[in-house]
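Each remark here refers to the structure printed beneath this line.
The values are calculated or read from the model by the stated rules, or taken from the named source; none is laboratory data. The structure displayed is predicted, hence computed values, not measured ones. Please note: Cβ atoms are built from the backbone with ideal geometry, for glycine as well, and neighbour counts cover all protein chains shown.
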Amino acid sequence: MATALGIQALQKQGAKYTGVDVSIDVQGAAEGAVLSQFSFEKLKKNKKEEKEECVVEPYLPEQDDEASKRWEVGQIYGASQNIARMLMTSPSNLMTPKLFAEEVAYLLAGLENIDIKVYGEDWVTRQKMNAFLSVAQGSTEPLRFLEIHYKGAKDKDEKPYGLVGKGITFDSGGISLKPSANMALMKGDMGGAATVAGALYGISKMKLPVNIVAVIPLCENMPSGNAIKPGDVIKAMNGSSIEILNTDAEGRLILADALHYVSSKYQPKSIIDLATLTGAMDVALGQVFAGVFTNRDELWEQLKKAGAAVSDPFWRMPLHKDYMRGMKESLVADLSNIGGRSGGSCSAAGFLQGFVDEKIPWAHIDIAGVMECSATEGYHIKGMSEC
């Protein structure tokens, strides 16, 4: 943090070059140096003259290759987070499903071992992703489905790890319309998708020796004469019928088809999905912890350790069949898309679990609470989080 705050202070004085003592924490200093320079003022008519990026040069011990590598890794960490922040901060009219897919394809273009496929409605229809289609049908903006493969393992045919990101580029709530207060923040309801995109950038730049398959369903959730309605029943890709009781519980619908697609087609070593899924998570954990639901203790321990290492903490939440009782009481379908009033995050996670092969280690990370920094603190500017 000291490096980040120092660079911000020097930038205000017009500094264009800064030397940094990295004797305490090389990687942290590099990450802070990149994160501290994030801003999003390009759309302002009377914005201040565009800040030149401050060139940051570390004072590294001579011939210390390990320190140089840690500096590079820190810069990649920062750049990856800033990609997520940029995607989430962009207005929804400038980051539609189509534009999001194009932006991610541009950001990842040319990176080693990356292959990107962008699918449209015809392909999604052929896959019978009707849960995804039901959410998208209310908007005039065409949906997109991103499938990204990273093959960094020596054996390119080795089973991949799976990543899934919720990509609602604007969430009005649909027919079950949200209150107008703070609805503008719902441009960031693709925070899971943004996080996955940023992670893939970092993974490729660091040339990690793993294979990954990532999928990102992208659409808007809007009210219209063609929108799905409360009481409608749709059939998901896995064959389950779902009664829609609340159209604002849409994220779990697009994730359901995406999770089934990944788990059934690729049988990954594990799957992690990330989503700004429930307001209940914000109520439970606020802007401090992201909630983790998982079917494997070992995967939880790995995530807990990883979060602590970068000061981005997780809190384990209960994944229990009793939270699903209310969702299994529909008179007309296998499931409803909401349960009772209480335990909303837990019932949402239980819903998603039904679309993942139980043999696959899986974790659902609800980042609804940590999607936004509500106030400037330290070097973090007010706005969408890099989580």
ask   = Between residues in region 166-191 that are at negative phi and residues that are surrounded by fewer than 19 Cβ atoms within 10 Å (Cβ to Cβ) and of a type in the set (S, T, N, Q), which pairs lie under 7 Å by C-beta distance while being six or more apart or on different chains?
value = S176/N246
Identity of the residue in region 72-107, assigned by the TED database to the domain that holds T276 and charged (D, E, K, R), that ends up nearest to M186 (Cα to Cα) = K98
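Please work out which residue is surrounded by the most Cβ atoms within 10 Å (Cβ to Cβ), limiting yourself to region 163-205 and to residues that are part of a loop (DSSP other than H, G, I, E, B) and within 15 Å of the chain's Cα centre (by Cα).
M190
I'm trying to understand the selection: among the residues of region 262-291, which are of a type in the set (D, E, K, R) and buried (at least 20 other Cβ atoms within 10 Å of the Cβ)? Before you say what the answer is, go through the steps one by one.
First, the residues of region 262-291 that are of a type in the set (D, E, K, R): 265, 269, 273, 282.
Selection gives D273 alone.
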message = Condition first: closer than 28 Å to G78 by Cα, of a type in the set (K, R) and either modelled with pLDDT under 95 or outside the structural domain of S270 (by the TED database) (or both). Now tell me which residues in region 312-340 satisfy that.
response = none
key: Answer residue from region 116-162, given it is part of a loop (DSSP other than H, G, I, E, B) and charged (D, E, K, R) and is nearest to C219 (Cα to Cα) among those   = E141
ask   = Counting only residues that are among the small types (G, A, S) and in a loop (DSSP other than H, G, I, E, B), which one in region 239-256 is nearest to the chain's Cα centre (by Cα)?
value = A249
message = I'd like to know if region 54-66 contains one or more residues that are surrounded by fewer than 19 Cβ atoms within 10 Å (Cβ to Cβ), modelled with pLDDT under 90 and in a helix (DSSP H, G or I).
response = yes
query = In this structure, does L108 turn out to be hydrophobic (A, V, I, L, M, F, W, C) and out of contact with any Phe, Trp or Tyr (no Cβ under 8 Å at 6 or more places or on another chain)?
reply = no
query = Out of curiosity, is Q302 at pLDDT below 95 and closer than 24 Å to G191 by Cβ?
reply = no
note = By residue number, the members of region 261-311 that are of a type in the set (G, A, S) and either part of a loop (DSSP other than H, G, I, E, B) or assigned by the TED database to the domain that holds E31 (or both) are S270, G286, S311
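Going by the conditions given, is S39 modelled with pLDDT of 85 or more and within 20 Å of G191 (Cβ to Cβ)?
It is false that S39 is modelled with pLDDT of 85 or more and within 20 Å of G191 (Cβ to Cβ).
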inquiry  = Could you check region 116-162 and list, in sequence order, the residues that are charged (D, E, K, R) and either over 21 Å from the mean Cα position of the chain (by Cα) or farther than 20 Å from D273 by Cβ (or both)?
reply    = E121, D122, R126, K128, E141, K151, K154, D155, K156, D157, E158, K159
request  = Can you give me the number of residues within region 293-323 that are more than 30 Å from A29 (Cβ to Cβ) and in contact with a Phe, Trp or Tyr (Cβ under 7 Å, 6 or more places away or on another chain)?
outcome  = 5
